[in-house]
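The values are calculated or read from the model by the stated rules, or taken from the named source; none is laboratory data. From a predicted model like this one, the values you see are computed outputs, not experimental measurements. Virtual Cβ from ideal backbone geometry, glycine too; neighbours counted across all protein chains shown.
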Amino acid sequence: MRKFLVVLDDSAECLNAMRFAAMRAANTGGGVEVLAIIRPEEFNHWIGVGDLMREEAREQINTHFEEFAEWMRVQQNIEPELVIREGEPIPEIISQVTEDPEVGVLVLGAGTGSDGPGPLVSALTRMASSIPVPVTIISGDMTEERLKAVS
């Protein structure tokens, strides 16, 4: 099954990327894989404190994921898969796309503010030729109706 890979983060544009991926997967018989990345610098503390912080980060990711997953289940009849990786975002995204042969499309949400589309979109579009799957960039200010129309 072809999967749409979406990166889970705290950005507003993440919502539209999730919506698009779920709608597109539902319309094409695909699946959704949600990738959450825990940065290693968050745990450069004593071993016990670092382990506790890592576990708290995983719990927070699971809670955030479940909000999106519930919408996907109810609205799109899609059962998303959560993958949690630890490391720097760009290499971890590339590794996930490379290691999972079912990932067919990487879906990213683009910010609409004066800061530009965001660090992931900026970095990954510069290196698009080295990403082994198509990259779809969804504007953070697209309406749900427009997302439905293009998915």
(message) Within the stretch 59-76, take every residue that is touching a helix residue (DSSP H, G or I) at 6+ places or on another chain (Cβ under 6 Å) and not aromatic (Phe, Trp, Tyr) and give me the one that is nearest to Ile38 (Cα to Cα).
(response) Met72
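Would you point out which residue out of Arg146, Arg126 is closer than 20 Å to Leu15 by Cα and either of a type in the set (Asp, Glu) or surrounded by fewer than 19 Cβ atoms within 10 Å (Cβ to Cβ) (or both)?
Working: Arg126 fails: closer than 20 Å to Leu15 by Cα.
Sole residue among the options that is closer than 20 Å to Leu15 by Cα and either of a type in the set (Asp, Glu) or surrounded by fewer than 19 Cβ atoms within 10 Å (Cβ to Cβ) (or both): Arg146.
Please go through the stretch 63-80 and pick out each residue that is among the acidic types (Asp, Glu) and either assigned to a helix (DSSP H, G or I) or crowded, with 16+ Cβ neighbours inside 10 Å (or both). Let's see the steps before the verdict.
Let us first name the residues in the stretch 63-80 that are among the acidic types (Asp, Glu), namely 66-67, 70, 79.
If the condition is that a residue be among the acidic types (Asp, Glu) and either assigned to a helix (DSSP H, G or I) or crowded, with 16+ Cβ neighbours inside 10 Å (or both), then Glu66, Glu67, Glu70 are the ones that fit.
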(request) Please state which of the following conditions Ile37 fails to meet, knowing it meets all the rest: (1) assigned to a strand (DSSP E or B); (2) touching a Lys or Arg at 6+ places or on another chain (Cβ under 7 Å); (3) surrounded by fewer than 20 Cβ atoms within 10 Å (Cβ to Cβ). (result) (3)
(request) Would you mind finding the one in Pro119, Pro101 that is surrounded by fewer than 17 Cβ atoms within 10 Å (Cβ to Cβ) and under 21 Å from Met142 (Cα atoms)? (result) Pro119
(message) So for the stretch 100-110 (the condition being under 19 Å from Ala149 (Cα atoms), part of a strand (DSSP E or B), in contact with a helix residue (DSSP H, G or I) (Cβ under 8 Å, 6 or more places away or on another chain) and of a type in the set (Gly, Ala, Ser)), does at least one residue qualify?
(response) yes
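Any idea which residue in the stretch 124-151 is modelled with the lowest pLDDT, counting only those that are of a type in the set (Asp, Glu) and in a helix (DSSP H, G or I)?
Keep residues of the stretch 124-151 that are of a type in the set (Asp, Glu), which gives 141, 144-145.
Narrowing the set further to residues that are in a helix (DSSP H, G or I) leaves 144-145.
Working: Glu144: 87, Glu145: 92.
The selected residue is Glu144.
Could you look through the stretch 42-52, keep only residues that are loosely packed, with under 15 Cβ neighbours inside 10 Å and hydrophobic (A, V, I, L, M, F, W, C), and pick out the one that is modelled with the highest pLDDT? Steps first, please.
Step one: filter the stretch 42-52 for residues loosely packed, with under 15 Cβ neighbours inside 10 Å, giving 42, 44-52.
Filter once more, so that each one left must be hydrophobic (A, V, I, L, M, F, W, C): 46-47, 49, 52.
Numbers: Trp46: 57, Ile47: 59, Val49: 64, Leu52: 76.
The selected residue is Leu52.
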(request) Scan the stretch 132-142 residue by residue and report those that are over 15 Å from the mean Cα position of the chain (by Cα) and either under 15 Å from Val7 (Cβ atoms) or of a type in the set (A, V, I, L, M, F, W, C) (or both). (result) Met142
